[in-house]
Amino acid sequence: MVGKIACFVVLCMVVVAPHAEAFTCGQVQAAAVQCLPYLQNRGPLGSCCGVIRGMISSAKTTEDRRTACNCLKSAATTIKGIDMGKAAGLPGVCGVKSPFKISMSTDCSKVQ
């Protein structure tokens, strides 16, 4: 009986795993690194707009969007020299609509 239960659990994991793609802070921060030269006034926009578009399209659920919001705010407090005016303006510069305002004052728990 234990063997059948273990087999069922493994089967459930195999079926559910492809659908359990969690949106993580690591993904957000790894992508955001490509925007640092622009956000720190050290370089051009470069591939940053592609990163922003990808992040917005990948954040499919409310939880994903809240994760992205919290991760971006966390990165902004950790990484020195970020021009928050440029950060807030990124969606407009890149021609995309962000599901939340990029700002330290954004309440990520209210992001839909």
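Quick notes on this one:
- Some residue of segment 5-21 being of a type outside the set (K, R), surrounded by 14 or more Cβ atoms within 10 Å (Cβ to Cβ) and either modelled with pLDDT of 90 or more or outside any loop (DSSP other than H, G, I, E, B) (or both): no
- Unmet requirement for K60, which otherwise passes all of (1) within 17 Å of C25 (Cβ to Cβ); (2) in a helix (DSSP H, G or I): (2)
- L45 being modelled with pLDDT of 90 or more, out of contact with any helix residue (DSSP H, G or I) (no Cβ under 8 Å at 6 or more places or on another chain) and either surrounded by 14 or more Cβ atoms within 10 Å (Cβ to Cβ) or acidic (D, E) (or both): no
- Filtered by the rule that a residue be in contact (Cβ under 8 Å) with a residue 24 or more places away in the chain and either surrounded by fewer than 16 Cβ atoms within 10 Å (Cβ to Cβ) or among the hydrophobic types (A, V, I, L, M, F, W, C) (or both), segment 61-79 gives T61, T62, E63, A68, C69, C71, L72, S74, A75, A76, T77, I79.
The values are calculated or read from the model by the stated rules, or taken from the named source; none is laboratory data. Keep in mind it's a predicted model, so treat the numbers as computed, not measured. So basically every Cβ, Gly included, is an ideal-geometry build from the backbone, and we count neighbours across all protein chains shown.
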